[in-house]
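Q: Before I ask anything, here is the structure I am working with.
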Amino acid sequence: MTSLLLSPAEQDYIIRGVESGFRADGRGSLDRREVSLRTGMISQANGSARCRIGNLGVGTDVLVGVKAEVNTWAPGEPEDLGSIVCNVECSPSAAQEFEGRGAEEINVELTQLLDRILNGPQSGLDLKKLCIIPKQAYWVLHIDALVLDVKGSIVDTLVWATRAALMSTSLPRVVVETIADEMGNMQAEFDVVDDPDDLTPLEGAKNLPISVTFSQIGKRYVVDASEQEEAVTQARLTVAVSPAMEICAIQKGGMFRGFPPSLLTEILETAQRIAREELTKFDIHYAQAKLHLSSQAEEPSTGSTFLVQF
């Protein structure tokens, strides 16, 4: 995940420190760096958020936008379900290894992980609520994420930003009517209300899981690995946990080694404990982000911009 090169002495310092319960930046093994979260970052989207884990310039920064559109049902598709389409791209300026076609592999890995978390009953989203008329029309949520900077813990930053973007997503109200056609048969038709003030919040977004990524360093593991710690990481495991403390998804990172079975059992138990604390922190950050957005709305407008200040 990182192209950072460390000397043998630096690697030994980090590994021995983690095994002794100390980290180079002073955090404990299970401590996360400072989190910054903002919503309403993209005015043209139905929902958006930007999350940074770590300080400005030395943290990982991800921007997520959610765009909803009506799709026509086709044979072979679920009859009464909506759809979620995920796409993650790492900006070439985010890291040196992403230049050219260097980001293709990580883009696919992150897109698959996000899709595994969000598509299905484990996501907490009721896809039936996205169906407008069975076997006729449904909502498609396009989730596009752009990784702006990478300094460790890219997966957790992505999930935080996506969760906030979906929680801030609102859909236009849809009016469904039943009318008779020329033959006298009753047909259902719908109309999307084109009123920016007549919106419906996305149902079930609060049930979305949150992720905890563990990096094995030496004989122990840490949460929210920094760029230097990722350079000596031997294996990486991401665990998605729902607010009901159920494990929704597990994905191993692109490393050559796996976690020992004894350590894996401990990690899954630890993930559920950390997720409970993370969800509480997320709610606090999200409430602050909404308050910040409301205060900005009360300020005089100085023009239309694609991104608001972060």
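The values are calculated or read from the model by the stated rules, or taken from the named source; none is laboratory data. Keep in mind that this is a model prediction, so the values were computed, not measured. So basically every Cβ, Gly included, is an ideal-geometry build from the backbone, and we count neighbours across all protein chains shown. Areas reflect the complete protein model, heavy atoms only, side chains present, ligands, DNA and RNA absent. Shrake-Rupley method; radii C 1.70, N 1.55, O 1.52, S 1.80 Å.
Q: Here is a list: F306, F259. Which entry is hydrophobic (A, V, I, L, M, F, W, C) and either modelled with pLDDT under 60 or open to solvent by 100 Å² or more (accessible area, probe 1.4 Å) (or both)?
A: F306
Q: Scan region 178-198 and tell me whether some residue there is in contact with an Asp or Glu (Cβ under 6 Å, 6 or more places away or on another chain) and not in a strand (DSSP E or B).
A: no
Q: Would you check if there is a residue in region 229-244 being open to solvent by less than 30 Å² (accessible area, probe 1.4 Å), assigned to a helix (DSSP H, G or I) and within 29 Å of V108 (Cβ to Cβ)?
A: Within region 229-244, one or more residues are open to solvent by less than 30 Å² (accessible area, probe 1.4 Å), assigned to a helix (DSSP H, G or I) and within 29 Å of V108 (Cβ to Cβ).
Q: Hey, any hits in region 121-130 for a residue that's among the small types (G, A, S), in contact with an Asp or Glu (Cβ under 8 Å, 6 or more places away or on another chain) and surrounded by 13 or more Cβ atoms within 10 Å (Cβ to Cβ)?
A: Taking every residue of region 121-130 in turn, none turns out to be among the small types (G, A, S), in contact with an Asp or Glu (Cβ under 8 Å, 6 or more places away or on another chain) and surrounded by 13 or more Cβ atoms within 10 Å (Cβ to Cβ).
Q: For region 52-78, enumerate the residues that are over 30 Å from D194 (Cα atoms) and open to solvent by 40 Å² or more (accessible area, probe 1.4 Å).
A: N55, L56, G57, V58, G76
Q: For S215, are the conditions met, namely being in a strand (DSSP E or B), out of contact with any Cys (no Cβ under 7 Å at 6 or more places or on another chain) and within 20 Å of D12 (Cα to Cα)?
A: Yes.
Q: Can you report the number of residues in region 79-92 which are in contact with a Leu (Cβ under 8 Å, 6 or more places away or on another chain) and open to solvent by 60 Å² or more (accessible area, probe 1.4 Å)?
A: 2
Q: For K290, indicate whether it is under 18 Å from the mean Cα position of the chain (by Cα), of a type outside the set (A, V, I, L, M), farther than 18 Å from M41 by Cβ and surrounded by 14 or more Cβ atoms within 10 Å (Cβ to Cβ). Lay out the reasoning, then the answer.
A: Working: under 18 Å from the mean Cα position of the chain (by Cα): yes; of a type outside the set (A, V, I, L, M): yes; farther than 18 Å from M41 by Cβ: no; surrounded by 14 or more Cβ atoms within 10 Å (Cβ to Cβ): yes.
When the stated conditions are applied, K290 does not pass them.
Q: If we keep just the residues of region 137-185 that are polar (S, T, N, Q) and crowded, with 22+ Cβ neighbours inside 10 Å, which is farthest from L279 (Cα to Cα)?
A: T169
Q: Same structure again: Note down all Cβ pairs under 7 Å where the first residue falls in region 264-289 and is in a helix (DSSP H, G or I), the second is open to solvent by 50 Å² or more (accessible area, probe 1.4 Å) and basic (K, R), and they're at least six residues apart or on different chains.
A: From residues that are in a helix (DSSP H, G or I), the pairs are A289/R38.
Q: Closer than 29 Å to E10 by Cα, open to solvent by 50 Å² or more (accessible area, probe 1.4 Å) and basic (K, R), is that true of K206?
A: Values: closer than 29 Å to E10 by Cα: no; open to solvent by 50 Å² or more (accessible area, probe 1.4 Å): yes; basic (K, R): yes.
In short, no.
Q: Yes or no: region 205-212 includes at least one residue that is more than 30 Å from K135 (Cβ to Cβ), touching a residue at least 12 places away in the same chain (Cβ under 8 Å) and more than 17 Å from the chain's Cα centre (by Cα).
A: Among the residues of region 205-212, not one is more than 30 Å from K135 (Cβ to Cβ), touching a residue at least 12 places away in the same chain (Cβ under 8 Å) and more than 17 Å from the chain's Cα centre (by Cα), which makes the answer no.
Q: Six or more apart or on different chains, Cβ atoms under 6 Å: show the pairs whose first residue is in region 80-96 and touching a residue at least 24 places away in the same chain (Cβ under 8 Å) and whose second is small (G, A, S).
A: V88/A145; C90/A103; Q96/S3
Q: Ok, one more. List, please: which pairs have Cβ atoms under 6 Å, are six or more places apart or on different chains, and start with a residue in region 233-246 that is over 14 Å from R273 (Cβ atoms) and of a type in the set (V, I, T) and end with one that is open to solvent by 10 Å² or more (accessible area, probe 1.4 Å) and modelled with pLDDT under 90?
A: Final answer for the pair search is T238/Q251.
Q: Just a yes or no: is a residue in region 56-78 out of contact with any strand residue (DSSP E or B) (no Cβ under 9 Å at 6 or more places or on another chain) and not in a loop (DSSP other than H, G, I, E, B)?
A: no
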